[in-house]
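Supplied in structure tokens, the structure appears directly below.
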Amino acid sequence: MTPVQTDFSKGSIPKAIMRLALPMTAAQLVNILYSVVDRIYLGHIPGTGHLALTGLGLTLPILSVLMAFANLCGMGGGPLCSIYRGKGDNQEAEYVMGNSFTLLLLLGVGATAVFLLLKEPMLYLFGASAETFPYADAYLSIYLCGTLFVMISLGMNPFINAQGFGRVGMMTVVLGAVLNLILDPVFIFLLGWGVRGAAFATVLSQACSAAWVLAFLTGKKAPLRLRRVTLRLQAARVRKILALGLSGFFMSLTNSLVQVVCNKTLQIYGGDLYVGIMTILNSLREVFMMAVTGLNNGAQPVIGYNFGAGEERREYRAIRFSIGATVGYTMVVWLLLMALPGPLIRLFNNDPATVYYGVSALRIYFSLFLFMSLHVSAQSIFVALGKAKQTVFFSLLRKAFVCAPLTVLLPLWGLGTTGVFVAEAVSQLVGGLACFGTMYCIVYRPLRQRLLINGKS
């Protein structure tokens with residue numbers, strides 16, 4: 001191992017970010033395939049595909065909560081690791097990683113028990129009908145048995161990326177996703193297991209990913225290792241991890257909240273058809289946001305490391321590059337979504353009604369997609385710099401304070417199902433402008449002014 005792999009204070013900033021971002025983006029893409037491929041396969045089951053797709057969509061709020069707990073530890077501990085590495089304190093970085101792992105295990109066991117006990121009333125609360133509940137219940141019952149695998153693979157992978165091993169982090173996801181791609185058609189169609197087959201394929205795939213993560217973090221190649229002595233929780237470290245991780249936690253938790261409100265509202269005003277359309281739109285959003293997420297996750301270790309090392313000029317350049325690349329990519333995606341809504345929806349389901357009503361819903365839902373990328377980019381910068389208060393506030397603002405209330409109110413004011421999709425677009429605009437504007441005022445502009453004064457811009 002050479003120092004350039006983990007020292008972000010030297011060399012080209014764009015190359016350092018892209019060296020992490022490209023494999024992490026590939027990992028994000030493959031990670032999305034876990035759920036999206038399940039939806040594509042289930043949506044094409046002859047005769048019952050639309051019900052299976054809708055049933056799987058009803059489980060998404062619960063899956064988002066599980067991801068919220070993984071993000072609480074991974075997005076809380078990962079940036080802290082980068083900051084301590086930048087300060088040269090590798091011992092504290094290891095303790096942060098060990099405490100994060102223990103938290104993951106405790107939260108995973110607790111979440112599994114709660115959701116197994118309450119899954120039936122929760123699914124009906126989330127908008128299940130008599131026709132779709134059996135599909136949702138069959139998938140969720142099996143998926144929950146693999147919760148710890150999901151938590152470890154998602155929650156500990158940021159600690160691999162934080163050390164500069166983007167390709168290893170990518171392989172965490174690629175390994176499981178490729179296995180999922182192979183097992184899905186075998187279990188769903190060949191063995192005839194339907195939604196149960198999709199769930200089994202996902203659990204087995206996540207188990208392989210979790211094993212890969214643990215093998216690397218306990219092996220000799222990792223500069224920071226997962227050691228038994230670091231696993232004992234220490235209150236001060238836990239507070240720091242949770243404070244910074246609340247951003248990712250609330251982002252996933254509010255996603256779950258909005259999915260519940262959307263599904264319930266659409267069930268009332270449009271029935272299973274519109275719940276299925278929302279499942280497709282959420283799937284497309286996940287696919288197209290993966291590059292934004294991968295790019296900003298790749299920038300976080302570089303920004304955090306240079307912040308910890310006091311390298312303000314490199315910190316500034318990393319922030320500028322991540323914002324510019326994010327906006328450029330999102331503009332291309334927006335054009336694609338507006339130009340090809342029909343073919344994109346048909347990837348999931350060929351039902352004429354789904355395609356007809358889905359096209360107009362897609363164009364509304366993604367109309368202000370650019371502002372969503374500004375929100376993610378600014379939020380990522382706050383996380384990289386350890387600004388816990390801002391990350392938590394803006395995680396709640398867009399979804400909990402804007403999108404969820406509008407999702408309920410706009411249909412009541414006469415917009416019906418259209419109001420649900422308008423609410424998402426409005427929240428992207430408000431949340432994006434508020435978060436990015438705040439980041440510009442309290443991070444970007446003061447940093448630029450200091451560099452200008454010191455002649456380092």
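The values are calculated or read from the model by the stated rules, or taken from the named source; none is laboratory data. A quick note: this is a predicted structure, and the numbers were derived from the prediction, not measured. FYI the Cβ positions are ideal-geometry reconstructions off the backbone, even for glycines, and counts take in every protein chain you see. Heavy atoms of the whole protein, side chains included, go into the accessibility calculation; ligands, DNA and RNA do not. Shrake-Rupley method; radii C 1.70, N 1.55, O 1.52, S 1.80 Å.
How would you classify the stretch 357-457 from its alpha-carbon gyration tensor, with a ≥ b ≥ c the square roots of the eigenvalues: rounded for a/c under 1.5, else prolate if a/b is greater than b/c, otherwise oblate?
prolate
Let me ask something else about it. If you take the square roots of the eigenvalues of the alpha-carbon gyration tensor of the stretch 158-262 and sort them as a ≥ b ≥ c, do you get rounded (a/c under 1.5), prolate (a/b over b/c) or oblate?
Here the stretch 158-262 falls in the oblate category.
Bin by bin, in steps of 10 Å, what percent of the Cα pairs in the chain do you find, going until the bin that has the longest distance?
Bins of 10 Å from zero give 5, 21, 32, 26, 12, 3, 0 percent of pairs.
Then there is this: Which is farthest toward the positive dipole end of the chain among Met156, Tyr440, Gln206, measuring Cα position about the Cα centre, with Cβ charges +1 (Lys, Arg) and -1 (Asp, Glu)?
Tyr440
At 1.4 Å probe size, what's the solvent-accessible area of Lys87? Round to the nearest 10 Å².
Approximately 130 Å² for this residue.
Longer than 18 Å from Cα to Cα, which of Lys15/Lys221; Lys240/Lys387; Lys10/Lys221; Lys240/Lys399 are they? Say none if no pair is.
As for pairs spanning more than 18 Å Cα to Cα, those are Lys15/Lys221; Lys10/Lys221; Lys240/Lys399.
With +1 on each Lys and Arg Cβ and -1 on each Asp and Glu Cβ, how big is the dipole of the chain about its Cα centre, in debye rounded to the nearest 20?
That gives the chain a dipole magnitude of about 1820 debye.
Using Cα-Cα distances under 8 Å and only pairs 6 or more residues apart, what relative contact order does the chain have, in percent?
Value for the chain: 24 percent.
Determine the gain in length on full extension of the stretch Trp413-Leu190; use 0.36 nm per residue of separation and subtract their C-alpha separation, reporting nm with one decimal.
75.5 nm is the gain from fully extending Trp413 to Leu190.
A further question follows. Kindly report, to the nearest 10 Å², the accessible surface of Val186 as traced by a 1.4 Å probe over protein heavy atoms only.
About 50 Å², ignoring ligands and nucleic acids.
Here's a follow-up. Just reorder Cys73, Cys208 by solvent-accessible area, largest first, 1.4 Å probe, all chains present.
Cys208, Cys73
Using +1 at the C-beta of Lys and Arg and -1 at the C-beta of Asp and Glu, which of Met67, Ser12, Leu340 has the Cα lying farthest in the positive direction of the dipole of the chain?
Value: Ser12.
Hey, another quick one. Specify whether the C-alpha gyration tensor of the stretch 88-191 places it in the rounded, prolate or oblate class, a ≥ b ≥ c being the square roots of the eigenvalues: rounded for a/c under 1.5, otherwise prolate if a/b is larger than b/c and oblate if not.
Note, shape of the stretch 88-191 comes out oblate.
Would you mind checking the tilt of helix 13-43 against the longest principal axis of the Cα atoms of the chain, expressed as 0 to 90 degrees and rounded to 10?
Once rounded, one gets 20 degrees.
Helix 195-217 versus the longest principal axis of the chain: what is the Cα-based angle in degrees, 0 to 90, to the nearest 10?
10
Helix 369-384 versus the longest principal axis of the chain: what angle, 0 to 90°, nearest 10, using Cα atoms?
Taking the Cα atoms of the chain, the angle to 369-384 is about 40 degrees.
If you average the C-alpha positions of the stretch 326-395 and of the stretch 93-170 separately, how far apart do those two centres end up, in angstrom?
24
Is there a quick way to get the dipole size of the stretch 269-406? I mean about its Cα centre, with the Cβ of Lys and Arg at +1 and of Asp and Glu at -1; what is the value in debye to the nearest 20?
Using only the charged Cβ atoms, the result is roughly 340 debye.
Let me have the 222 nm mean residue ellipticity of the chain computed from DSSP H runs of 4+ only, each contributing -39500 (n - 2.57), with the sum over all residues rounded to the nearest 500.
Computed ellipticity for the chain at 222 nm equals -27500 deg cm²/dmol.
Can you compute the modelled spin-label distance between Leu347 and Gln91, with each label point 7 Å from Cα toward Cβ, in nm?
5.0
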